[in-house]
Amino acid sequence: MAKQLIDTYVRDLDPSVQAAVHRSTASTTDKRHVLLGADFADADSLRKLAGAIREHTIEHLDTYLAQAEESLTRCGAKVHYAVTEEDACRAVSDILKANGITKVVKSKSMVSEEVHLNDHLAAEGIESIESDLGEYIVQIDGDHPSHIVRPIIHKTRGDIARSFEREGLGDYNDDPETITRRARKFMRGKYLAAEAGITGANFVTADTGRLVLVTNEGNSRFCLAPTRIHIALIGIEKVVPSEADLAVLLNLLGRSATGQQLTVYTEFINGPRRKGQPSGPEEMHVIFVDNRRTEVLASDCKEILRCIRCGACLNVCPVYRQGSGHAYRSVYPGPVGAVLSPLLAGDKFKELADLPKASSLCGACNEVCPVDIPIPDLLLRLRHRAHEEHVPSPGTPPMEGFALLGSHPLIWRTAMTFGAAKDYLPLDKMPVPYLGPWLKTRTLPKWRGGKFRSWMKSRKVREGRQGGDDQ
Amino acid sequence: MSAREKIFADIKAALDPLPERVPRPTLPRGVADAQWLAGAGESTDLFSQRATAAGTVCFSSATDCLKWLSEQQVRKIYIPDELSDLAPSFSQITEVTNLYSRDQVDQIDAAFTSAAGGIAESGTIILTDESTPDRLAALAPWIHIAVLRMDRIHRSIEDALATMPDDPNIIWVTGPSKTADVEGILIQGVHGPGIQGCLLV
C-alpha cells in the first residue's frame, strides 16, 4: 500500500537517532516548562501578549518595515530588498564582489538556509564558513539542519568525530569537549582571515533600527569583530515596533528555545562602527528578503509570520520526536515547517502538501508557542487547500464510498440494515483495504448501526411531535 | 518596478482587504518581569546571585579577583588604559599589556574590559563599543573579566531596554560562551570566553 513520504522516512530512521531526538526534545520541553512556571504566574497571558505584538506588526508591516529602513539608513546602514531567493543570493555576492572579498564567515541564519546562500557563494568562488558549531558540521557533511535551534540533533558524537577526522581537524576523538576545542581553534583562523561577516537577525526594531542577534556560542559576535563588512540577511517579517516590545519577546525567546532566561549573547546592532572606534565592520548592509512572505501575508495562514524561530513546537511535537527534522524534506521542520514550508514552496506547493497531514492535531504546538500561533488551525486550512487543488494523498483511504452512503438516505438505511452481517465475517483473516494491519491487532465492537433512527422516531412521538421527515 | 516597490506593493495588496487590523497592545509596566523580581532584594546582590547562576564568576573586590586569577594558568593579561589602576597589582602575577591586536589573540589568556552596565534580573553584563572599544578583547581570550560599576546595574530586562545607550553595538553577556550542539552535552568556551568573570566596583 502507498505510504505518506514522512511515514516511509520514519520507518527507515535509525532507532538510535530517533532515541536521541526524543531525549533531547523532551528534556528541552521540560526545561522550558519548569522555567516559565517558576518565573511567571501567568506565562500563558504573556504568550498571548507576544502573539498580539507580532500579529499587530505583521498587519502593519508596510508601516514598520518602512520605518525600520528609515532608522537603519539614518544609522549609516545600507538597506537592500530582495524579492526572490536568487535576488537575495545575488545581493550578497554583489556586495562581496564590489569589495573584492573572497572569504566570509557566517553565523546561523534560517533565511540563508532558505535561499541556499552557501551553495550560491561557493559557485561564485567565495569561501563562506558556517561558524555555529552545529551548522559547521552540517556544512562539512554536505547535510542539512534537522532542527531550527539544534541543527545536528540527528548526529552522534561518533559521526562528528569521523567528520572532523576527514576534514583534517585531528585524529578520531569523540569527546564533546575535544570536538568543541578543535572547532574553536579552527574557527579562530577563519574569523581572523575573513573580510566580511554574514548574519541573520532575530528581530529588527522599527523605531531604532536595531538588529537583535541571539547566540549561545558567541559566533555572531565573532563574525562582527575582526571583519570589515557586515551583511545581514533578514526576512521582512522580523520587524518589531520598538525596544519595549523586545522586553516581552526576549523574555520568551530564550525560555522557549532552550530553557534559558536569556540566551548568552544578545546583541543589538544598528549601524557600522563609529569614527574613532578600533574594531567592527566599517560597512553594514541589511538585505530584507521577501521570498514569498508577501504571498503568505495574503493567504489565510498569515499568522505563521509571527514565528520567532524558537523551535518549541518541534520539541513538543509527537511527530517531530518520532521523525526528526529531515522527515519534513524542507528547511523548516516540525509543526512550524509543516505550515511554512508548503507556503514558501510557491508553485511546488503540491510537493509538500502532505506535510500539514503529518499531525494528529493534538494542539501541543499551539500551547507552547511563545507567539500563540494557532498552528492546528493553519494545518487544517492547508489540508483544505490541498484538497481544493486535488493533491493526491497516498495511503489515505478513498472516501467516495462513504460520500455516496452519506448523501443517499436510502442506500444508507439499507447499509445500516445489512451492516450487521459484518459481525459474522472473519475480518482479521480477510484482506480489508487500508484497515488490514489495524484489524490484525484489534477487534471491532458489535454492530449497532441503524438504531439511531428508530430511537429518534420514538423520542419524537413520545414528546408528542410529528415524526416529520426522518431522512 | 524596483524590488523595494514590488515588496511594498505586495504587502499593501495583502493587507488592504483585511476588515480590521490588530491594534498595538499596551504593555503594562513590568509585564514581562520575573514574578520573583519585586521581592528579590537589593540589585547588586541580585545581580551577583543571577550572574553566578548563569555561570559568570563574580568578584566583589580586585583583591579577590587577583587571588583567583593567580590560580589560573594565565600567560598574559590585557588591561586597557581606562582600567590602568588595576595594572600594577595584576602585573605581580604575570605579564600585563595595554595593547590588544590580532597577532596576539593566541597569547593573551585573560582580558579586562569595562562594562557599560548590568541587569540584575538576569545577571547580564552590558558591553558597548563606547565602554569596550576592542570587540575582540572581550571575546577572544579564554578568560574575560568585565569591570562593572554597581550604580550602573539596571533592575530588569525591561529597564535595560528602556534606557538603551546610543551605541551601534550593544552586547548583553549572560554567562560564558557555550554550546549543547554535540548530543546535548553542555560545553563552555566555544568561540568566546570559556570563563566569564565580573568584577563589581
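The numbers here are math on the coordinates, done by the rules we state, and not lab data. What you see is a predicted model; the values in this text were computed from it and never measured. As a convention, Cβ positions derive from the backbone with ideal geometry for all residues, glycine included, and neighbour counts pool all protein chains shown.
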*Which shape class, rounded, prolate or oblate, goes with the stretch A:281-392 when its Cα gyration tensor gives a ≥ b ≥ c as root eigenvalues, a/c under 1.5 marks rounded, and past that a/b bigger than b/c marks prolate?*
oblate
*Return the whole-Å distance between the Cα centroid of the stretch A:153-167 and the Cα centroid of the stretch B:134-175.*
35 Å
*Along the charge dipole of the stretch A:358-471, Cβ charges K/R +1 and D/E -1, which of A:LEU361, A:GLY419, A:TYR434 sits furthest on the positive end?*
A:GLY419
*Quick one: compute the contact order of chain A, relative version, from alpha carbon pairs under 8 angstrom and 6+ residues apart, as a percent.*
19 percent
*asked:* Let me make sure I get this right: for the stretch A:192-275, a, b and c are the square roots of the gyration tensor eigenvalues over alpha carbons, sorted descending. Under 1.5 in a/c it's rounded, otherwise prolate if a/b > b/c, else oblate. Which is it?
replied: oblate
_Can you list the DSSP H helices in chain A whose Cα atoms extend at least 18 Å along the helix axis and whose mean Kyte-Doolittle hydropathy is 0.5 or higher?_
A:243-258
*Top mean-square fluctuation among B:GLY55, B:GLY189, B:GLY39, Gaussian network model of chain B, C-alpha springs under 10 Å?*
B:GLY39
*Based on DSSP H runs of at least 4 residues, each adding -39500 (n - 2.57), what is the mean residue ellipticity at 222 nm of the protein assembly as shown after dividing by all its residues, to the nearest 500 deg cm²/dmol?*
-12000 deg cm²/dmol
*Using a Förster distance of 60 Å, how high is the FRET efficiency between A:GLU167 and A:ASP428, based on the Cβ-Cβ distance and rounded to 0.05?*
0.65
*Compute the long axis of helix B:43-53 from its Cα atoms, compare it with the longest principal axis of the Cα atoms of chain B, and write down the angle in degrees, 0 to 90, nearest 10.*
90 degrees
*Which residue, chosen from B:ILE108, B:LEU199, A:LEU262, occupies the Cα position most advanced towards the positive end of the dipole of the protein assembly as shown, where the dipole is computed from +1 (Lys, Arg) and -1 (Asp, Glu) charges on Cβ about the Cα centre?*
A:LEU262
*Dipole of chain A (Lys/Arg Cβ +1, Asp/Glu Cβ -1, origin at the Cα centre): which of A:SER279, A:ALA43, A:GLY218 lies farthest to the positive side?*
A:ALA43
*Among B:PRO176, B:PRO168, B:PRO17: highest mean-square fluctuation, GNM of chain B, C-alpha pairs under 10 Å*: B:PRO17
*Where does each of A:VAL10, A:VAL79, A:VAL286 land when they are ranked from fewest to most other beta-carbon atoms within 10 angstrom?*
A:VAL10, A:VAL79, A:VAL286
*Over 28 Å between Cα atoms, which of A:LYS3/A:LYS48; A:LYS3/A:LYS302; A:LYS185/A:LYS275; A:LYS238/A:LYS348; A:LYS48/B:LYS12; A:LYS357/A:LYS440 qualify?*
A:LYS3/A:LYS48; A:LYS3/A:LYS302; A:LYS185/A:LYS275
*Build a GNM of chain B with springs between Cα atoms under 10 Å: which of B:ALA87, B:ALA53, B:ALA13 gets the top mean-square fluctuation?*
B:ALA13
*asked:* Quick check for me: using +1 on Lys/Arg Cβ and -1 on Asp/Glu Cβ, what's the dipole size of the stretch A:340-471 about its Cα centre, in debye to the nearest 20?
replied: 960 debye
*asked:* Cross-link candidates for A:LYS460: which aspartates and glutamates have Cα within less than 12 Å, leaving aside residues fewer than 8 places away along the same chain?
replied: A:ASP469, A:ASP470
_Whole angstrom only: what separates the Cα centroid of the stretch A:248-308 from the Cα centroid of the stretch B:1-38?_
15 Å
*Take B:SER84, B:SER114 and order them by how many other Cβ atoms sit within 10 Å, fewest up front.*
B:SER84, B:SER114
*Please identify the longest segment of chain B free of exposed trypsin sites (Lys or Arg not before Pro), where exposed means a DSSP state other than H, G, I, E or B and no more than 15 other Cβ atoms within 10 Å.*
B:76-148
*Please work out how much length the chain gains when fully extended from B:ARG152 to B:LEU66, using 0.36 nm per residue of separation minus the C-alpha to C-alpha distance, in nm with one decimal.*
28.7 nm
*Relative contact order, percent, of chain B when contacts are C-alpha pairs under 8 Å separated by at least 6 residues?*
24 percent
*Could you give the size of the charge dipole of chain A about its Cα centre, using +1 on the Cβ of each K and R and -1 on the Cβ of each D and E, expressed in debye and rounded to the nearest 20?*
1760 debye
*Using the Cα gyration tensor of the stretch B:68-201, with a ≥ b ≥ c the square roots of its eigenvalues, what is the shape: rounded (a/c below 1.5), prolate (a/b larger than b/c) or oblate (neither)?*
oblate
*asked:* Students often get this wrong, so check it: of A:LYS103/B:LYS76; A:LYS78/B:LYS178; A:LYS350/A:LYS429; A:LYS422/A:LYS457; A:LYS155/A:LYS350, which have C-alpha atoms separated by over 28 Å?
replied: A:LYS103/B:LYS76; A:LYS78/B:LYS178; A:LYS350/A:LYS429; A:LYS155/A:LYS350
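In what sequence do A:CYS307, A:CYS75, A:CYS223 fall when counting other Cβ within 10 Å, fewest first?
In increasing order of surrounding Cβ atoms, one gets A:CYS75, A:CYS307, A:CYS223.
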*Using a basic spin-label model with each label point 7 Å from the Cα along Cα→Cβ, how many nm lie between A:TRP455 and A:ASP14?*
5.3 nm
*Just report the Cα centroid separation between the stretch B:49-81 and the stretch A:368-411, whole Å.*
61 Å
*Please sort by residue number the chymotrypsin sites (Phe, Trp or Tyr not before Pro) in the stretch A:84-192 whose DSSP state is loop and whose Cβ has at most 13 other Cβ atoms within 10 Å.*
A:TYR172
